Every structure is written in structure tokens, then in C-alpha cells.
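To start, the structure itself, in C-alpha cells.
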Amino acid sequence: MKLQEYRSREILARHGVPVLDGEIATTADEARVAAERIGGPVVVKAQVLVGGRGKAGGVKLAETPDEAAARAGEILGMTIKGVTVRTVLVAAAADIAHEYYLGLILDRGGQAITIIASADGGVEIEETARTNPAAILRLPLHPLIGLQQHQVRRVAFFLGLPVELRKAFGTTLDGLYATFVDADADLAEVNPLVITADGRLVALDAKIVLDDSALFRHPDLEALRDLAEEEPSEVAAREAGINFIKLDGSIGCMVNGAGLAMTTMDLVKLAGGEPANFLDIGGGAKADRVAAAFRIILDDPNVRAILVNIFGGITRGDEVARGIVEARATLSRQVPMVVRIIGTNAAEAAEILLAARLITADSLDDAAAKAVAAARETQA
Ligand code: GDP
Ligand code: MN
């Protein structure tokens with residue numbers, strides 16, 4: 001779960017990370033009032049859960065409250081990467097001397113919380129990783145000892161921070177680490193962390209991504225979930241108890257089991273197609289859940305074919321097949337469906353699917369190839 005910048009800033013500030021005064025606004029007038037209270041130049045920033053707001057015109061400076069209102073009027077209602085801006089943050093503007101990148105990630109490969117730092121801040125870190133990997137420091141932290149002071153010094157040295165800011169940097173990195181651990185985050189990132197013209201260290205942007213599996217330990221944070229800002233299909237899936245992640249391809253996948261779902265996506269790619277989603281329907285695969293899964297998949301206009309891959313264990317294949325046929329009849333949009341059901345009562349399942357004129361497949365390779373071909377035909 002991603003937190004909005006203004007929430008991330010609040011949490012970081014509570015842990016001692018220096019941020020500038022700010023408040024949110026949902027109208028141009030509210031932005032004017034906020035700018036009046038803050039005083040001096042402000043920055044008006046779109047609050048959306050996607051990156052690259054600056055480049056998209058969602059971050060604008062304003063010298064006066066009237067200007068802040070005008071900039072807020074421009075930013076509210078604009079779309080950034082398909083997301084409509086409903087809220088802006090009005091914050092005291094910094095006079096920037098240098099921008100740095102400072103982040104903590106959970107590096108699953110390295111099995112450690114890892115510091116990522118770069119003196120090339122402000123731009124997307126993925127871009128720096130591609131063009132100039134030597135400009136990035138990756139420093140894993142010991143899982144039991146945590147952040148150590150010699151590591152703080154090493155990062156400060158790598159970034160080339162002036163000596164007089166080392167202490168402030170220590171406080172900042174300590175606060176970022178405390179935030180990460182306290183909140184069970186997957187990512188806590190400040191980009192940019194800046195040195196201002198008058199020599200202060202300030203976090204100008206903040207992004208926290210929480211570990212969904214740990215959210216039950218943080219009801220206060222879970223309550224901040226901004227459903228209107230999240231991918232609607234992923235919200236619907238969560239409500240239906242389906243594990244779903246939207247992707248950009250044309251082949252919808254409905255699978256039981258996370259491992260089988262990933263294998264299915266791999267085979268779709270091997271067959272020359274692109275999966276439109278990851279979807280694990282979980283155990284049972286009852287008709288109502290199957291119907292919900294189909295609706296979620298078909299909500300995506302890019303989907304040209306659906307590949308259903310079910311392993312019948314405790315769930316009987318014929319029950320699943322009946323569920324699929326039933327669910328299919330309720331859908332408002334039809335695309336070719338390739339269904340592979342193996343395991344318990346697979347033969348009975350095949351009969352039901354054939355009678356309903358669905359495309360069946362014996363092997364996974366065969367299923368993937370048929371789905372890719374069907375998607376191409378629908379496209380043409
Ligand atoms: P992002 O594009 O979504 O990462 O949004 P950021 O909050 O990082 O803002 C993008 C860029 O806008 C920053 O890298 C800065 O260059 C600029 N910016 C943001 N806040 C301020 C500010 O207070 N003062 C100045 N001068 N520039 C700012
Ligand atoms: Mn940023």
C-alpha cells in the first residue's frame with residue numbers, strides 16, 4: 001500500500017526527518033488560505049500515488065497566495081499517468097542548492113533493508129541506475145543490528161555532504177530507518193533530499209510503501225488507504241478476496257495458486273504474448289468468485305483473450321468448469337476463453353467446457369499458444 005506524499009511527510013516528521021511546513025487543499029481557495037498561513041513562496045504539489053509528478057506539470061512554485069490559488073486551480077483536475085488529481089499539498093518552498101536521493105528498500109535478494117543513496121537526486125533513480133550506476137550507493141544493513149553510525153558516515157561521505165551537515169544527515173537517516181522499521185515498509189524514499197541555499201538539509205518529497213502483509217499490525221496506517229486513488233480493479237479484487245495485479249498486456253489470466261499463476265504468465269510470454277494481469281483466484285474457485293475474477297479481468301479494455309488455468313485438487317474440475325460456464329453467461333463483454341483444467345474430474349470438466357464451446361487445452365504450452373493466437377485474431 002502506497003501512502004500519499006503528505007502522509008509520508010507527516011510520518012517522517014514524527015521520526016525527526018526535517019520537512020517544511022505544509023497542508024493539503026482540495027480547492028484553489030483552500031490553497032490560497034494555506035499559502036497565506038504558511039507565508040512566503042510555496043510549492044503546490046499534486047497528491048497522486050504515481051511518480052514523475054514534476055515532469056507531468058504537477059509540481060509548481062508560487063510566490064504569492066494568489067499565485068498559489070492559480071497554480072492549484074491548474075493542477076486540481078489534471079490527469080497524471082491516468083490518475084485525476086483531487087488534492088494538492090501546499091508547502092513552504094525551498095531554495096535548492098543541491099538535490100540528493102536517499103531511500104531504504106527491502107532487498108529480498110539480499111535479505112536486508114538496504115540504503116540507496118545518490119548525489120544525483122531529483123531525477124528518477126531507475127534512470128540513474130541505467131545511465132550511471134556508479135553514482136548510486138547500495139548499502140545493506142544488518143538485520144539484527146540495524147543502521148550503524150559508521151554506515152551513516154559512509155553514506156554522508158559518498159554523497160559528499162559538507163561536514164557541518166553530517167549531524168543533520170545522521171538525524172535524517174536515523175529517522176528514515178526508524179520510519180521504515182516502525183511502519184513495516186517495503187520502501188521509504190526521500191527524493192529529493194536537498195541542501196537549501198541557506199545551508200539546511202530538508203526532505204522535499206517523501207514516498208512510503210507499506211508491506212500489505214504487515215498491515216494487520218498497523219490499523220492506523222491501513223485506515224489511510226485511499227481507495228479512490230488506487231487502481232479500481234485491484235480494489236475490487238481485494239474486496240472479492242482475489243490476489244490481482246494489473247499489467248499492460250492483452251491476455252487475461254485466471255489461475256489458482258500464485259506459483260501456477262506466475263508460471264502461466266511466463267508461458268504466455270514464451271508463446272509470444274503479454275499477460276494483462278497476475279490473478280490468483282485462491283482455493284475453492286466457486287462460481288461467484290470466478291465471475292468476479294472474469295469481471296475484473298474484462299474491465300481492462302486491453303484484454304483480448306482469457307487464459308484459465310486451474311489445477312483441480314480438493315476443488316473438483318467439473319465444479320470449476322460449471323462455475324466458468326455460469327459466470328461467462330453473466331459477462332457484458334465476451335472474448336475468447338482458453339480453459340485448461342487438470343486434476344480431479346478433468347475429463348468431466350472437458351465435456352462441460354466443450355459443450356459450452358469454450359476452447360480447451362491439454363498442456364500448458366498448448367493453452368498459452370491457443371490464448372496468444374486467439375488474442376491476435378480478436379485484435380485483427
Ligand atoms: P516528483 O516529480 O513526483 O518526484 O515530485 P517532487 O516533489 O520530487 O518534485 C519534483 C521536483 O520539483 C524536485 O526534484 C524539485 O526540483 C522541484 N521542487 C519540489 N519542491 C520544490 C521546492 O520547494 N522548491 C524548488 N525550488 N523546487 C522544488
Ligand atoms: Mn520526487
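The values are calculated or read from the model by the stated rules, or taken from the named source; none is laboratory data. Remember, predicted model here, so these are calculated numbers, not experimental data. Cβ placement follows ideal geometry from the backbone for every residue including glycine, while neighbour counts extend to all protein chains displayed. Keep in mind that these areas ignore ligands, DNA and RNA; they rest on the heavy atoms of the full protein, side chains included. Shrake-Rupley method; radii C 1.70, N 1.55, O 1.52, S 1.80 Å.
Angle of helix 287-298 to the longest C-alpha principal axis of the chain, folded into 0 to 90 degrees and rounded to 10: 60°. Over segment 7-143, accessible surface divided per residue gives 48 Å², non-protein components excluded, 1.4 Å probe.
Across the accessible surface of the chain, with the other protein chains kept in place and a 1.4 Å probe, carbon and sulfur atoms take up 54 percent. Bin width 5 Å, origin at 0, all Cα-Cα pairs of segment 21-92: what percent of pairs per bin? Distribution as computed: 3, 22, 34, 23, 13, 5, 0 percent.
Over the residues of the chain, the helix contribution to mean residue ellipticity at 222 nm works out to -11500 deg cm²/dmol, using -39500 (n - 2.57) for each DSSP H run of at least 4.
For segment 268-354, the solvent-accessible area with a 1.4 angstrom probe is 42 square angstrom per residue. Once you order the gyration tensor axes a ≥ b ≥ c over the Cα atoms, which shape class does segment 231-379 get: rounded for a/c under 1.5, otherwise prolate or oblate by comparing a/b with b/c? In terms of gyration-tensor shape, rounded. So how tilted is helix 166-183 from the main axis of the chain? Cα-based, degrees 0 to 90, rounded to 10. Tilt of helix 166-183: around 30 degrees. Computed about the Cα centre, the dipole magnitude for the chain is approximately 440 debye when only Lys and Arg (+1) and Asp and Glu (-1) carry charge, each at its Cβ. Would you work out which of Gly82, Ala25, Val42 lies farthest towards the positive end of the dipole of segment 21-92? Charges go on Cβ: Lys and Arg +1, Asp and Glu -1. Of the listed residues, the answer is Gly82. Within a straight-line Cα-Cα reach of under 17 Å, Lys269 can be paired with the following lysines, leaving aside sequence neighbours fewer than 8 residues apart in one chain: Lys246, Lys370.
For segment 96-222, the Cα-based Rg and Dmax, in that order, read 14.4, 43 Å.
So if each residue of separation counts as 0.36 nm, and I subtract the Cα-Cα distance between Leu224 and Leu187, what length gain in nm does that give?
Using 0.36 nm per residue and subtracting the Cα-Cα distance, I get 11.6 nm.
The angle between the Cα long axis of helix 65-75 and the main principal axis of the chain comes to about 20°, on a 0 to 90 degree scale.
Hey, what's the per residue convex hull volume over the C-alpha atoms of the chain, in cubic angstrom?
Output value, Cα hull per residue: 160 Å³.
If R0 is 22 Å, what FRET efficiency do you get for Arg217 and Arg166 from their C-beta distance, rounded to 0.05? The pair Arg217/Arg166 has a calculated efficiency of 0.05. A simple packing score, the average count of other Cβ atoms within 10 Å per residue, orders the peptides 185-192, 145-152 as 185-192, 145-152, with the highest score first.
Once you reduce segment 278-328 and segment 1-53 to the center of their Cα atoms, the two points are 42 Å from each other.
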